[in-house]
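Inspection log for the structure reproduced underneath, given as structure tokens.
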Amino acid sequence: MLGTIILAGILLSVLVWFLSPKLSPIPYYPTLTRELKLIDRALALKPGEVLFDLGAGDGKMLWRYAQPGVRVVGVEINPYLAIYMYLRRLFHPYRQQIEIRRQDLFKTNFAQANKIYLFVGPFMMEAIIKYLLKNRGTNLKRIVSYRYDFVAQNGQKLTPAGSKLKTIKGKENVYLWDF
């Protein structure tokens, strides 16, 4: 009986976390496996690069791209997903290439990032892009967004001077922003 009550309490707290926009502003929705080849092409990771996955969720992109010479950093505010990633990293063959940061992405230092992967809702895109542009380091060469274009709330494209936008068509589009 006590075990059932404890389990119900844990499940309820997880549900509240996932459904509360104040606690987790971006709902968990993983990148679809069928689109990974498009994302591979968009990221085009090379040895020596550092990839940041903002809102890393279950870490699918971290596990996929962690390899010798490529460092991946997952930023995730949801404690349940972060714990899951910490545990899963223990068993990854390139775990030394994986860094997990349980933090608000609006408090993240991106100075080391060469490439950034985003899969966030359109309602967050403008705020995230403005934060990235204000806080990016000189190493940032590309931002890749799965499914959502770089568009402000008013519908205008977010394109600072000297940058290039590209779209890779798929079932769901992948958007690239080169600097």
On a full-extension model of 0.36 nm per residue, what is the gain between Asn109 and Tyr80, subtracting their alpha-carbon distance, rounded to one decimal in nm? 8.2 nm
HN-Hα J in Hz across region 98-115 - Karplus 6.51, -1.76, 1.60, θ = phi - 60°, x for Gly and Pro: 10, 10, 10, 10, 8, 7, 6, 5, 7, 10, 9, 8, 9, 4, 7, 6, 8, 9
Amide H contacts under 5 Å for Val73, placed H, 5+ residues apart: Leu51, Phe52, Asp53, Glu99
In Å and from the alpha-carbon atoms only, list the Rg and Dmax of region 119-179. 11.2, 33
For region 61-179, I need the span (max minus min coordinate) of the C-alpha atoms along each principal axis, in Å, sorted largest to smallest. 43, 32, 28
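How big is the Kirkwood radius of region 36-97, worked out from every pair of different alpha carbons and given in Å to one decimal?
Details: mean 1/r = 0.0841 Å⁻¹.
Value: 11.9 Å, from the Cα pair sum.
Rule-based calculations on the coordinates, nothing more; no lab input. This is a predicted model, so every value here is computed, not measured.
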